[in-house]
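Q: Below you will find the structure I want to go over with you.
None of the figures in this text is laboratory data; all of them are computed from the coordinates on show. Values in this document were obtained by computation on a predicted structure and should not be read as measured data. Backbone-built Cβ (ideal geometry, glycine too); neighbour counts: all protein chains shown.
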Amino acid sequence: MLVVGLANPGAEFDGTRHNVGGDAVAELARRHGARLRADRRSSSLVGDARVDGTRVVLAVPTTYMNDSGRAVATLARRVGIDTRDAADLAARLVVVHDELDLPPGRLKVKVGGGNAGHNGLRSVDQHLRSGGYTRVRIGIGKPPGRQAGADYVLRRPGRAERDLLAVAVAEAADAVEVVVRQGTEAAMNRYNVRP
């Protein structure tokens, strides 16, 4: 399996709302003793983990968000995912990302769907020529007032929201583990029914 956390590279983006996907993959790496190392061929930080005997390649692209798909497509080929086979794509590729359409801290798991204006997802869809992969969506909420979405996602949240997002990042890592161990349906049943 391949699990990719979307994020922007560089210290100036650490702790921003847009990087929660990368944070979740870093948490998975920590839990499973995987070391994320720079891989120039895939333009990503990549590490191998074992989750209950299943090999899981963990990755965080080091491209900017709007070019994430290039890294994801390279990694998918390397792992041997047939992106033209809908079942293989949905079962073996998980993308963890921030989601404006969910309240801060809320988590949802789904297969396929649109990109809702998310530049990272748009890039992944274009490079894979499919949006049929599994997504673990971490809610960051909508920007207040008339603040632009791009400004909002690239800012660091205040303390209360930061605490909510830290819990959601850990839950996103839990959700990926459920996908690996029991499948996407089990993860959807567990995380999507919450109020």
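Q: Please report the spacing between the Cα centers of the range 159-195 and the range 24-94 in Å, no decimals.
A: Distance between centres, Cα-based: 18 Å.
Q: For Ile138, Ile81, what ranking results if the residue with the fewest other Cβ atoms within 10 Å of its Cβ goes first?
A: Ordered from fewest to most neighbouring Cβ atoms within 10 Å, Ile138, Ile81 come out as Ile81, Ile138.
Q: Now for a separate question. Relative to the Cα centre, what is the charge dipole magnitude of the chain, using +1 at the beta carbon of each Lys and Arg, -1 at the beta carbon of each Asp and Glu, and rounding to the nearest 20 debye?
A: So the magnitude is around 140 debye.
Q: Additional query: Fewest Cβ neighbours within 10 Å first, please rank Ser44, Ser130 accordingly.
A: The fewest-first ordering by Cβ neighbours comes to Ser130, Ser44.
Q: Compute the signed sum of charges (Lys and Arg +1, Asp and Glu -1) over the other residues within less than 13 Å, Cβ to Cβ, of Asp88.
A: Here the count lands on +1.
Q: Using percent of Cα pairs over 26 Å apart as the read-out, say which of (1) 22; (2) 32; (3) 40 was calculated from these coordinates.
A: Label of the calculated value: (1).
Q: Still on this model: What residue among Arg146, Arg137, Arg35 shows peak mean-square fluctuation when the chain is described by a Gaussian network model with Cα springs under 10 Å?
A: Greatest mean-square fluctuation among the candidates belongs to Arg146.
Q: Can you tell me, using C-alpha contacts under 8 Å and at least 6 residues apart, the relative contact order of the chain as a whole percent?
A: 26 percent
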